[in-house]
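Quick notes on the structure that follows.
The values are calculated or read from the model by the stated rules, or taken from the named source; none is laboratory data. Everything numeric in this text was worked out from a predicted model, so none of it was measured. Cβ placement follows ideal geometry from the backbone for every residue including glycine, while neighbour counts extend to all protein chains displayed.
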Amino acid sequence: MRKPASMWSLETFGRTRLSKHFFMRDFLFSEISAFHGIPNIPDRPDVAIKNGRAFCTTLLDPLEETFGRIAVRSGYRSPSLNRFGNVHKLNCAANDNPAECHIWDRGRGADAIAGATIVIPWFADQYQQGRDWRDLAWWVHDHLAYSEMWFFPKLAAFNLVWRPGPLRTISSYITPRGMLLRSGAMPSEPPDLRKQRYADFPPLRGIAYP
């Protein structure tokens, strides 16, 4: 697919279905783009779609089918948009930072990456009443083939990342801050204790369709 050259081709790109529940358009809105007038258009749409499909089918669809609606806080960012956000200190990592997950068209093959900052409203309501963010972190760890997670204080939003070779790391800006799980390390809590944390969670893919 060529880079969208008109509003109509961009609209067609946005209609591209990535998975059962998600379309490319779900990930294109950006406050940085809207406020500063910088188009959020990928350099390599075919790569963005391929990596986005892997991300959505592997991680977001199972979450949506288990917890209900998933809110995308920050999805895809074009290289130029992300670079602007980084230079102006708008919470964007540098384009060449290996942890920058929002530029879906940056890598292919083993270097492929796609991610988004998401909120799970079902859990956010409980978190705002004092529930530990680690309950959700360990549930994702025990059920999904994620690569990285970073948790943030507002609404227990977190960056969720897909890679073809998952790193399996968990970090947080919520107390206790820092890295909960390093790549290749064993979880600090045994399976039985982790399961107790999320014993009241719905079963994986718990949503029922008519």
If only one of 165, 130, 115 is under 17 Å from the mean Cα position of the chain (by Cα), assigned to a loop (DSSP other than H, G, I, E, B) and either of a type in the set (S, T, N, Q) or modelled with pLDDT of 95 or more (or both), which one is it? 165
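I want to confirm something. Restricting to the range 15-50 and keeping residues that are of a type in the set (Gly, Ala, Ser) and in contact with a Pro (Cβ under 9 Å, 6 or more places away or on another chain), which single residue is surrounded by the fewest Cβ atoms within 10 Å (Cβ to Cβ)?
Of the residues in the range 15-50, the ones of a type in the set (Gly, Ala, Ser) are 19, 30, 33-34, 37, 48.
Those left that are additionally in contact with a Pro (Cβ under 9 Å, 6 or more places away or on another chain): 33, 48.
Values: 33: 19, 48: 26.
Only one residue tops the list, namely 33.
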Taking the stated definitions as given, is residue 46 of a type in the set (D, E, K, R), at negative phi and not in a loop (DSSP other than H, G, I, E, B)? yes
Enumerate the pairs (first residue in the range 173-201 and among the hydrophobic types (A, V, I, L, M, F, W, C); second residue anywhere and surrounded by 12 or more Cβ atoms within 10 Å (Cβ to Cβ) and part of a strand (DSSP E or B)) with beta-carbon separation below 6 Å, excluding pairs fewer than 6 apart on the same chain, so at least 6 apart or on different chains. 174/151; 179/171; 180/170; 181/169; 181/170
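Being modelled with pLDDT of 95 or more, part of a loop (DSSP other than H, G, I, E, B), surrounded by 17 or more Cβ atoms within 10 Å (Cβ to Cβ) and of a type outside the set (A, V, I, L, M, F, W, C) narrows it down to one of 53, 77, so name that one.
On the way: 53 fails: part of a loop (DSSP other than H, G, I, E, B).
Result of the check over 53, 77: 77.
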Name the one entry in 103, 170, 120, 113 that is among the β-branched types (Val, Ile, Thr), farther than 17 Å from residue 55 by Cβ, in contact (Cβ under 8 Å) with a residue 12 or more places away in the chain and touching a helix residue (DSSP H, G or I) at 6+ places or on another chain (Cβ under 8 Å). 170
Within the range 65-72, does at least one residue satisfy the condition of being touching a residue at least 40 places away in the same chain (Cβ under 8 Å), within 20 Å of residue 164 (Cβ to Cβ) and in a helix (DSSP H, G or I)? no
Which members of the range 67-100 meet the condition of being of a type outside the set (Ser, Thr, Tyr), out of contact with any helix residue (DSSP H, G or I) (no Cβ under 8 Å at 6 or more places or on another chain) and under 19 Å from residue 44 (Cβ atoms)? 79, 82, 83, 96, 97, 98
